[in-house]
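The values are calculated or read from the model by the stated rules, or taken from the named source; none is laboratory data. This is a predicted model, so every value here is computed, not measured. A quick note on method: Cβ atoms are made from the backbone with ideal geometry, for glycine too, and the neighbour counts reach across all protein chains shown. Side chains are part of the model used for accessible areas, which takes the heavy atoms of the whole protein and leaves out ligands, DNA and RNA. Shrake-Rupley method; radii C 1.70, N 1.55, O 1.52, S 1.80 Å.
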Amino acid sequence: MVEIRVQSWNELNERLYEGSWEEPLARFRSNFAFRGLGNATYNLKTGLIRLGGNPEKLEGHLLRNFTKYARHGALTDNSTWNWLALAQHHGLPTRLIDWTFSPYVALHFATVHLMDYQHDAVIWCVDFVKTNQLLPERLRTILQEEGSNAFTVEMLKRVAGTLSEYDRIVNDECVVFFEPPSLDDRIVNQFALFSMMSNPNARLDHWLESHTELARKIIIPAGLKWEVRDKLDQANITERVLFPGLDGLSSWLKRYYTPKIR
């Protein structure tokens, strides 16, 4: 996989939008999903795998109990895929990983934790249009019928009604990118996207090692983080916007007024 170490804000922007020109449309439309991490050594393990134990056994217990104890009326559509998206959104360990269509939102998450400022950050960029080409025919057909490059929960329902059924249908290891429903302003403002591997034990970073042409990693040196962070704040890419409400406002003000660590 290509690993690019940028040296300036301008180079960072060039790399984030690299390859986004779509000649047939004569428009800039990136096919990449972005994920920002404050430490470049962090991997793409799911919350379910990080939990420990047997992911295959734990997944059903976690989701079943989340569904059982969640507030009544949390969802209007009772499908597995809606519950899975809601659970991930609220921090339950699942096989999903959070991504965004927005490179600047990814930059926010790569620079939001001041305790990580002694470490280089990373932006993972995965071409989800190319990953679609490696999906089983049944999944590719649904995307083609919808004229879409990413799944929705409604489209996943056409594939399978449960995770176990999905795993039986999708035998070969692959990754699906799907847009969560607009559960709240946070998901909307973060331009959210989820990745989902074809079984609970699979790791996206390991899969990408066998498909290096599908992804790149942009390394942001620790010394560049403060400039990136200050310019994102000036562009209004902050906790106040991405986490609407008093908690997000408080997080933004606390970070914004923290003296620079020298």
Straight-line reach from K231: which lysines have a Cα under 16 Å away, not including same-chain ones fewer than 8 places off? K260
Please work out how much length the chain gains when fully extended from N10 to S210, using 0.36 nm per residue of separation minus the C-alpha to C-alpha distance, in nm with one decimal. 68.9 nm
Give the calculated FRET efficiency between D247 and R64 to the nearest 0.05, with a Förster radius of 35 Å applied to their Cβ-Cβ distance. 0.80
Rg and Dmax of the chain, using alpha carbons, in Å: what are they? 18.7, 54
Please report the relative contact order for the range 143-193, taking Cα pairs under 8 Å with a sequence separation of at least 6, and give it as a percent rounded to a whole number. 37
Rounded to the nearest 500, what is the chain's calculated 222 nm mean residue ellipticity when only DSSP H runs of at least 4 contribute -39500 (n - 2.57) each, over all residues? -11500 deg cm²/dmol
The chain - percent relative contact order, Cα under 8 Å, separation 6 or more: 30
Residue-normalised accessible area of the chain, given per residue in Å² at a 1.4 Å probe: 51
Among 101-109, 171-179, how do they line up from the highest to the lowest mean number of other beta-carbon atoms within 10 Å? 101-109, 171-179
List the relative contact order of the range 135-225 as a percent without decimals, with contacts defined as Cα pairs under 8 Å and 6+ residues apart. 24
Spatially proximal aspartates and glutamates relative to K68 (Cα-Cα < 20 Å; intrachain offsets below 8 disregarded): E56, E59, D77
